[in-house]
Amino acid sequence: SKVRIYTLAKDLGVDNHRMLAMLDDLGVQYKSVSSTLEEDVVETIKGLVAEEQASGSGGGSDSAPAEQQAQTESAAPSTPAPVAVAERPAPGEAPAAPGMPTRAPVVTIMGHVDHGKTSLLDYIRKTKVAAKEAGGITQHVGAFEAKTSKGKIVFIDTPGHEAFTTIRARGANVADIAIIVVAADDSIMPQTREAVAHAQAANIPLIVAINKIDLPQADVERVKTDLTQVNLVPEDYGGDTVVVPVSAKTGEGVEDLLEYISLTAELEDLRADPKGEFAGVIIESKVDKQAGVLATVMVQEGTLHVGDFLVVGENYGKIKAMSGSDGERIKEAGPSTPVQVLGFSENPSSGDKVASAKNEHAAREVIAARVDKRREDEEQGKRRKMTLEEMMGPLGEVRTVNLILRADTQGSLEALQGILARKESDDVKLNVMLAGIGAPTEGDVLLASTAEATILCFSVTPSGSVKKVADQKNVDLKSFRIIYELIDEVDRLIKGNVEPVF
Ligand code: GDP
C-alpha cells in the first residue's frame, strides 16, 4: 500500500510544495511528486499534518512553517522578522516572489509523425475549450486555452517543425512543459528521439503520453522499456519520467494527462508579472488578403493592449485589434495568453521576440537602436580577433561541445559514439544531443541552432533545403565519407571551436 506524494498531499489538503518541503525536512528521498512513499513515512507525515492542524492556527504558529520562515530569514538576513511574518504565504500557498501571480503553463506536444499529436490536441480542444457562439468557427491560430478543473492550460498547436521553433525561441523558452507522444503500437521512432532532444535542450520537464492504447496491438510495457533506451526511465521502473497511457480516440487517460500537466506546472511554480514590461513571442503568422498580417503572439510578461506599438526585429506595428484563441475580440491580454494581433506591417516569423513601445516615436527609437547595434556587431565581427578565452571558454571550466550525429546505419552510429566517448577529457565534454540514422532534418538544424551544436553527417547527404536552413541559421553542418576525417573534425572542435586568428 504505497502512496504517491501528490495523492497524499491531496488527501491531506496540503500543497505539493509544502509536502516536498516536509519530506526534505525528514530527509526522505524522492524523484518527483509522483514518487511513492513507504508506509512509515506516510504515517509520519499524517502525524505532522494532524499536529499542525491541532495547533489551531492553520499554519500561523505551527512549527514547520516556522522552520520555513527561519530559512527565508537566513536567506535574507536584513529582513526584520515582523515583515517576514507578514509576508509569509497563507497556508496551502507556495512560498514565492511576493506579489507575482502565477500563470498558466504553456505546453507543446511533440513526437513522431502519425503517433497522434494532432488527434490528441483535437481531443483536448474538443472537450476542454469553451463552446463558441452559434456559427462561430474558430480559426486555427497556433495555440489554444484548455479549461480544466485545475485551471487553464495553454497548448501550442503549430504544425511540424514550427513546434520546435516555438519551444525555444531565440534562446528563451516559450513552452514550459513538453508532452512527448509515443504510439503504443509503434514505440520509440526517430522523431521521438528528436523531440526528446529538443525538450532536453530547452531544459523543460517532459511528460510521455503513450497514445493509441485502445488498439489491440498496443504494447505499453514495450514502450516503457524502450523509453529507457533514450534515458527516460518511467516511474514504475524506478525512474522519474512521468508516463501516461492515453487514447486520443476514446479519450481514455486524457484527464490524467491534464492532471499531470497541472501538477508539473505547480511544481515549476510559473509566475509572471502582468504589470511588468511586456515580452512576447510570435507563435504563428499569416497574411490575410483582406485583413493583412494576422500574427499570434504569446504574452510572456506584462499585458498587451489594443493601441500598443509592437516591435519585432527591426519592424513595428500598432495593434488595431486583438482576438483571443477562441476567436472573441479582446482589449487586453496578460501572461500566458495567446492572442491574434492585427496591425503588423511585415509578416513576422514564428519564434521572433516581440517587445512593446508606448508610442510610434518610442517604437522607432527602439528600432534605431537595434539597427545601430547590428551595424556595430557587423563591423566588430569583421575586425575583432578572438581571445584565447573566447575560443576555449574560461580557464578551468569544463567546456561542452554539443554534437548531433547522423549516419547511414545503426552500426556506424554506434562506432562513432564509441570513438567519441573515448575523446572526452576532464576539460571537454562531448554531448551527443541526438544520434540518428538517415539524413539530417530541419528539426536537427533548429535543435543545433538553439543549442549551438555542430551537425556531423557520416555517409548521409543533407538535402538542399536542410543545407539552406543551416546556412540561414548559421549552423555548422558537415558531411563526411571517411570516418577519420569526421574524427579529425571532432578533434578540432575539442581544441576550440574556431580557427585561431593571429
Ligand atoms: P500526428 O502525425 O502525430 O499528428 O498524428 P495524427 O493525430 O494525425 O494521427 C495519425 C493517425 O493515427 C490518424 O489516422 C489518427 O486517426 C490515428 N490515431 C491517433 N490517435 C489515435 C488513438 O488514440 N487511437 C487510434 N486507434 N488511432 C489514433
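The values are calculated or read from the model by the stated rules, or taken from the named source; none is laboratory data. Treat the numbers as computed from the prediction; the structure is a model and nothing was measured. Virtual Cβ from ideal backbone geometry, glycine too; neighbours counted across all protein chains shown. Areas reflect the complete protein model, heavy atoms only, side chains present, ligands, DNA and RNA absent. Shrake-Rupley method; radii C 1.70, N 1.55, O 1.52, S 1.80 Å.
Here are the numbers for this structure:
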read-out: Contour excess over end-to-end distance, with Cα ends at R492 and N359 and 0.36 nm allotted per residue; value: 42.9 nm
read-out: Per principal axis, descending, Cα span of region 456-495 in whole Å; value: 27, 22, 7
read-out: Cross-link pairs beyond the 32 Å C-alpha cut-off, checked among K117/K358; K331/K373; K126/K224; K224/K478; value: K117/K358; K331/K373; K224/K478
read-out: Cβ-Cβ FRET estimate between E376 and T461, R0 fixed at 25 Å, reported to 0.05; value: 0.05
read-out: With DNA, RNA and ligands ignored, accessible area of T409 (1.4 Å probe; Å², nearest 10); value: 60
read-out: Efficiency of FRET from Cβ geometry, L26 and K289, R₀ 56 Å, rounded to 0.05; value: 0.30
read-out: Candidate residues E38, E235: accessible-area rank, largest first, probe 1.4 Å; value: E38, E235
read-out: Area accessible to solvent at S349, 1.4 Å probe radius, in Å²; value: 60
read-out: By accessible area with a 1.4 Å probe, ligands and nucleic acids excluded, highest first: order of K150, K320, K117, K286; value: K320, K150, K286, K117
read-out: Distance violations [Cα-Cα > 25 Å] among K31/K128; K353/K473; K423/K467; K286/K320; K320/K353; value: K31/K128; K423/K467
read-out: Solvent-accessible area of V33 with every protein chain in place, 1.4 Å probe, in Å² to the nearest 10; value: 10
read-out: Dimensions in Å of region 162-305 - Rg and Dmax from alpha carbons; value: 17.8, 56
read-out: V129-D471 pseudo-label distance in nm [points 7 Å out on the Cα-to-Cβ vector]; value: 3.8
read-out: Exposure rank, largest accessible area first [L304, L26; 1.4 Å]; value: L26, L304
